[in-house]
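Student: Got a structure for you, questions after.
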Amino acid sequence: MLPVPDEDGAPFWEYAARGELRVQACADCGELRFPPRPCCPRCQSFASEWRRMSGRGRIWSYVRPHPPLLPAYAAMAPYHAIVVELAEAPRIRLVGNLVGAPGAALDSVPPERLRIGAAVKVTFHEMADGVTVPRWLLERP
């Protein structure tokens with residue numbers, strides 16, 4: 001399944017296509033926010049900008065789904081779906097897949113390697129229709 005960008009989130013996907021992990025920020029108070037939205041939750045400003053992140057973080061949570069799943073995912077299971085807490089924005093957490101190398105299959109990391117708190121870094125994977133999604137690599141393979 002491919003992401004369906006809305007007006008607020010479209011820049012996230014445009015930056016991902018360029019290999020950049022960026023997060024929306026309030027241009028007035030600096031509050032980082034994800035998912036993207038039109039108004040700042042802190043100061044209610046509608047001014048926003050996109051800040052580049054280091055692409056590093058830690059596994060905050062994970063799951064290893066097994067069938068039955070949505071038909072689009074059943075053939076890929078089991079795989080790792082992780083929640084990543086960003087290093088420079090610990091209140092922001094992104095959901096993605098853990099892979100063993102850029103372009104590797106979703107089941108390319110042995111399950112015993114997953115640990116809450118494990119350091120990860122972003123990689124980008126181009127899917128069908130030119131959509132690029134962030135995926136995650138363990139810092140220590």
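The values are calculated or read from the model by the stated rules, or taken from the named source; none is laboratory data. Nothing here was measured: the structure is a model prediction, and the numbers come from that model. Please note: Cβ atoms are built from the backbone with ideal geometry, for glycine as well, and neighbour counts cover all protein chains shown. Ligands, DNA and RNA are stripped out before the accessible areas are found, and what is left, the full protein with its side chains, is counted by its heavy atoms. Shrake-Rupley method; radii C 1.70, N 1.55, O 1.52, S 1.80 Å.
Student: Compute all pairwise cysteine Cβ distances in the chain, then list the cysteines with no distance under 4.7 Å to another cysteine.
Tutor: Cysteines lacking a close Cβ partner in the chain: C39.
Student: I would also like to ask the following. Enter the per residue convex hull volume of the chain, computed from alpha-carbon coordinates, in Å³ rounded to the nearest integer.
Tutor: Taking the convex hull of the Cα positions in the chain, it is 112 Å³ per residue.
Student: For region 72-139, what % of the accessible area comes from carbon and sulfur atoms, probe 1.4 Å?
Tutor: Exposed carbon and sulfur together represent 54 percent of the surface.
Student: May I ask you to compute the full-extension gain from V4 to V63, defined as 0.36 nm times their residue separation minus their alpha-carbon distance, rounded to one decimal in nm?
Tutor: So the chain would gain 18.9 nm between V4 and V63.
Student: Moving to a separate point now. Over the chain, with the other protein chains present, what is the accessible area per residue in square angstrom, probe 1.4 angstrom?
Tutor: 56
Student: How many angstrom lie between the C-alpha centres of region 1-59 and region 83-112?
Tutor: Taking the Cα centre of region 83-112 as reference, the centre of region 1-59 is 18 Å away.
Student: Given the convex hull of the Cα atoms of region 21-104, what is a quarter of its surface area in nm²?
Tutor: Averaging across all directions leaves 6.8 nm² for the Cα convex hull.
Student: Starting from the Cα gyration tensor of region 54-103, multiply each eigenvalue by 5, take the square root, and state the resulting semi-axes largest first in whole Å.
Tutor: Taking √(5λ) for each eigenvalue gives 24, 12, 8 Å, largest first.
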